[in-house]
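The values are calculated or read from the model by the stated rules, or taken from the named source; none is laboratory data. In this text, all values refer to a predicted model and were calculated from it rather than measured experimentally. Cβ placement follows ideal geometry from the backbone for every residue including glycine, while neighbour counts extend to all protein chains displayed. In case anyone asks, the SASA skips ligands and DNA or RNA and just uses the protein heavy atoms, side chains included. Shrake-Rupley method; radii C 1.70, N 1.55, O 1.52, S 1.80 Å.
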Amino acid sequence: MRRSLFGRFWPNATAIILFLGFAFPVYWMFSTAFKPTGDIITDTPVWFPTDFTFSHFSKVVSADHFWTLVRNSVLVTVISVLSSLVIALLASFAMARMRFKGKRGVLLTFMIAQMAPWEVMVIAVYMLVRDADMLDSLVPLTVFYMMMVLPFTILTLRGYVAAVPKELEESAMVDGCTRPQAFVKVILPLLGPGLMATSLFGFITAWNEFPLVLILNKDIGSQTLPLWLSQFQTAFGDDWGATMAASSLFAIPILILFVYLQRKAVSGLTSGAVKG
């Protein structure tokens with residue numbers, strides 16, 4: 001049945017309004033980062049800058065400890081995401097394929113851990129790290145970031161593993177593969193979209209995390225970019241160009257990863273559908 005003009009118009013209009021609402025703050029952040037200071041502090045907003053400057057970015061990258069903080073953020077994020085993926089792959093396979101006593105209780109524990117707000121456990125985490133004499137260290141941050149994303153990763157990958165027909169795995173084992181070989185050669189390639197989605201979620205969670213690093217790491221040499229960004233305006237005053245440049249540099253890795261993984265996830269789903 002052919003839809004009316006209004007029926008075709010309102011979904012597109014809603015999509016356009018939502019796109020503008022989400023995209024405009026990002027556009028304003030990047031455009032302000034490239035504007036000269038005179039175009040930023042003016043009564044008449046400059047919607048489309050014509051004069052560009054990189055001086056704000058130069059001020060940010062030459063700030064004290066900037067590259068140390070970048071290294072810390074990359075290290076804790078990448079290690080926590082990769083380690084959570086390895087553990088979650090094994091756990092999700094066990095949850096989806098194996099039978100053992102207490103399986104439902106373990107699954108319920110993962111769900112409760114996923115719903116629990118980490119902010120209310122900050123004091124307990126601080127006492128644990130303090131008693132272990134590991135304050136101002138990247139190791140506790142990496143471990144707790146991994147634990148933060150692990151329940152979601154396990155629960156998501158469990159669904160992907162359960163969706164793979166057992167017959168494929170059994171056929172590989174009939175052809176001579178061991179169970180680990182069948183997992184690596186048959187199941188793992190089909191988990192691509194799930195791995196992309198969970199790694200993206202883990203990267204965003206670990207990259208943006210703020211309360212734990214605020215409590216655990218007081219030394220500037222062991223902090224990460226979110227805490228530095230929150231203190232940036234205190235250090236540089238009302239320098240909105242530099243603030244927007246710092247925010248843009250902080251957001252660029254997530255934007256690049258999102259665009260890259262989104263394409264990979266879509267291509268993986270399409271490839272899996274054709275092969276299936």
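Identify the single condition in (1) open to solvent by 50 Å² or more (accessible area, probe 1.4 Å); (2) closer than 24 Å to S230 by Cα that L18 does not satisfy, given that it satisfies every other one.
Of the numbered conditions (1) open to solvent by 50 Å² or more (accessible area, probe 1.4 Å); (2) closer than 24 Å to S230 by Cα, the odd one out for L18 is (2).
Does V70 count as among the β-branched types (V, I, T), under 19 Å from the mean Cα position of the chain (by Cα) and surrounded by 11 or more Cβ atoms within 10 Å (Cβ to Cβ)? Spell out how you get there, then give the answer.
Details: among the β-branched types (V, I, T): yes; under 19 Å from the mean Cα position of the chain (by Cα): yes; surrounded by 11 or more Cβ atoms within 10 Å (Cβ to Cβ): yes.
In short, yes.
Given the options L90, L107, name the one that is out of contact with any strand residue (DSSP E or B) (no Cβ under 9 Å at 6 or more places or on another chain) and modelled with pLDDT of 90 or more.
Working: L107 fails: modelled with pLDDT of 90 or more.
Every option except L90 fails the conditions.
Among the residues of segment 56-75, which ones are small (G, A, S), at pLDDT 90 or above and within 15 Å of Q231 (Cβ to Cβ)?
The answer is S73, and nothing else.
Under 8 Å by Cβ, and 6 or more places apart or on different chains, what pairs join a residue from segment 115-133 that is assigned to a loop (DSSP other than H, G, I, E, B) with one that is open to solvent by less than 100 Å² (accessible area, probe 1.4 Å) and not hydroxyl-bearing (S, T, Y)?
A132/P140
Report yes if A96 is within 30 Å of T32 (Cβ to Cβ), in contact with a helix residue (DSSP H, G or I) (Cβ under 8 Å, 6 or more places away or on another chain) and either part of a loop (DSSP other than H, G, I, E, B) or open to solvent by less than 40 Å² (accessible area, probe 1.4 Å) (or both), otherwise no. Spell out how you get there, then give the answer.
On the way: within 30 Å of T32 (Cβ to Cβ): no; in contact with a helix residue (DSSP H, G or I) (Cβ under 8 Å, 6 or more places away or on another chain): yes; either part of a loop (DSSP other than H, G, I, E, B) or open to solvent by less than 40 Å² (accessible area, probe 1.4 Å) (or both): yes.
Judged against the criteria, A96 is not a match.
Being within 21 Å of T224 (Cβ to Cβ), under 20 Å from the mean Cα position of the chain (by Cα), open to solvent by 30 Å² or more (accessible area, probe 1.4 Å) and of a type outside the set (D, E): is that true of V86 here? Outline the logic, then answer.
Details: within 21 Å of T224 (Cβ to Cβ): no; under 20 Å from the mean Cα position of the chain (by Cα): yes; open to solvent by 30 Å² or more (accessible area, probe 1.4 Å): yes; of a type outside the set (D, E): yes.
The answer is no for V86.
Can you tell me which residue is nearest to I254 (Cα to Cα) among those in segment 171-217 that are touching a helix residue (DSSP H, G or I) at 6+ places or on another chain (Cβ under 8 Å) and among the charged types (D, E, K, R)?
The extreme case among them is E209.
Is segment 184-197 home to any residue that is crowded, with 16+ Cβ neighbours inside 10 Å and more than 27 Å from Q114 (Cβ to Cβ)? Please lay out each step first, then the result.
Quick first cut of segment 184-197, residues crowded, with 16+ Cβ neighbours inside 10 Å only: 186-187, 190-197.
Still in the running and more than 27 Å from Q114 (Cβ to Cβ): 186.
Looking for residues that are crowded, with 16+ Cβ neighbours inside 10 Å and more than 27 Å from Q114 (Cβ to Cβ), one finds at least one in segment 184-197, hence yes.
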